[in-house]
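Trainee: So that we are looking at the same thing, I have put the structure below in structure tokens.
The values are calculated or read from the model by the stated rules, or taken from the named source; none is laboratory data. The model shown is predicted, which means the values in this text are computed figures rather than measured ones. Backbone-built Cβ (ideal geometry, glycine too); neighbour counts: all protein chains shown.
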Amino acid sequence: MMDRATGIILMVVFGTLGIAVLVLAWLQPMSGAERGLATVMGAVGLGVAASRIPALKSGEENKAGPVVVHTEIRK
């Protein structure tokens, strides 16, 4: 179970790294196979970041629901 801040940080990290890999893959001179592999890796990073958006918007990070706490005071 992760909190919302960790989810946001992971989304930003994966999105930023995905964009960086894609930019570097298409700016650097390299063979087609290397460029294809780097493009797939960058797209996976962006996909992971995009897949976190609905979970963060809906607030379904904590699926356990409300917790009932019973207390008893003894004198």
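Trainee: Which of (1) in a helix (DSSP H, G or I); (2) modelled with pLDDT of 90 or more does Pro29 not meet, given it meets every other one?
Mentor: The failed condition is (1).
Trainee: Still on this model: So which residues in the stretch 1-37 are over 19 Å from the mean Cα position of the chain (by Cα), of a type in the set (Gly, Ala, Ser) and surrounded by 14 or more Cβ atoms within 10 Å (Cβ to Cβ), if there are any at all?
Mentor: The initial filter retains those residues of the stretch 1-37 that are over 19 Å from the mean Cα position of the chain (by Cα), namely 23-37.
Add one more test, that the residue is of a type in the set (Gly, Ala, Ser), and what stays is 25, 31-33, 36.
Once the filter is applied, which keeps residues that are over 19 Å from the mean Cα position of the chain (by Cα), of a type in the set (Gly, Ala, Ser) and surrounded by 14 or more Cβ atoms within 10 Å (Cβ to Cβ), the stretch 1-37 yields only Ala25.
Trainee: Sort out which residues of the stretch 14-42 are under 16 Å from Ala55 (Cβ atoms) and of a type in the set (A, V, I, L, M, F, W, C), and write them in order of number.
Mentor: Filtering the stretch 14-42 for residues under 16 Å from Ala55 (Cβ atoms) gives 14-15.
The answer is Phe14, and nothing else.
Trainee: Just to be sure before I move on: is Leu56 touching a residue at least 24 places away in the same chain (Cβ under 8 Å) and surrounded by 13 or more Cβ atoms within 10 Å (Cβ to Cβ) in the structure I sent? If you could, list the steps in order and put the result at the bottom.
Mentor: On the way: touching a residue at least 24 places away in the same chain (Cβ under 8 Å): yes; surrounded by 13 or more Cβ atoms within 10 Å (Cβ to Cβ): yes.
Taking the combined requirement at face value, the residue satisfies it.
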